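Colleague: Before I ask anything, here is the structure I am working with.
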Amino acid sequence: MEVCPEAKNYFFTLIYGMLGMTVIQLVDAQFPVLFRELFPHSPEYMGWIISVVGLGGVLGAMWIQRVRELRYGWVLGGGLSLIGFGFGFIGLFTPGTPLMFGFLISFVAGVGVGLFFVSFNVILQKETEKKATGRVFGIENSLSSTVMIIAPLIGGGLVHLIGVSQVYVLVGLIVFVLGLLAVAFQKLIWKQKSPAPVKKEEKAAAQG
């Protein structure tokens, strides 16, 4: 039995979104550990960095709202790549890293967060039939809750084994590559309908 493109888009979006979210959550809860290790005498740094990430996230979300046609691979994969870029460089921070550089990297990661998470929910809603919306988002919420519990525990174990900075660099690299793969193979993964071209006769009639 052939599966309709909309169902495939929903399935791949859900799997890809959960995979990306799992990898992100490996290190998201480790911010206090990282900043306590790098800046033990400046606890306010973590608050500033998180605020900048939040600002980038808001701008990324606002951009999604203004886009007329989402290209799933670009927004999901591009968002993940920006997050991976940010996490990787955050893992390279040292006590001597200029604060403005930290703000810049955190802002880039924040934009990626806004792009990825907002587009993920928008695409799920767009590709889901109205009668199945409640069931679909119930599944998504259940999976997200599971990820939120399990992934930080695994991340904590990795921090204990190899160190918090090393985990950030490793996870950043994985997330970055995961995002690039979605961009590179988006035409194979997501089947999106292209806008129908306007015929010459229709264009001439529209112009009067």
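The values are calculated or read from the model by the stated rules, or taken from the named source; none is laboratory data. Keep in mind that this is a model prediction, so the values were computed, not measured. Please note: Cβ atoms are built from the backbone with ideal geometry, for glycine as well, and neighbour counts cover all protein chains shown.
Colleague: Whether any residue in the range 126-137 is β-branched (Val, Ile, Thr), touching a residue at least 24 places away in the same chain (Cβ under 8 Å), buried (at least 19 other Cβ atoms within 10 Å of the Cβ) and within 15 Å of GLY77 (Cα to Cα) is what I want to check.
Modeller: No.
Colleague: Which pairs do you get when a residue that is closer than 19 Å to MET21 by Cα, found in the range 178-193, comes within reach of a residue that is at pLDDT below 80 and among the β-branched types (Val, Ile, Thr), reach meaning Cβ atoms under 8 angstrom, with the pair 6+ apart or on two chains?
Modeller: Once the first residue is closer than 19 Å to MET21 by Cα and sits in the range 178-193, its partners that are at pLDDT below 80 and among the β-branched types (Val, Ile, Thr) give ALA182/ILE189.
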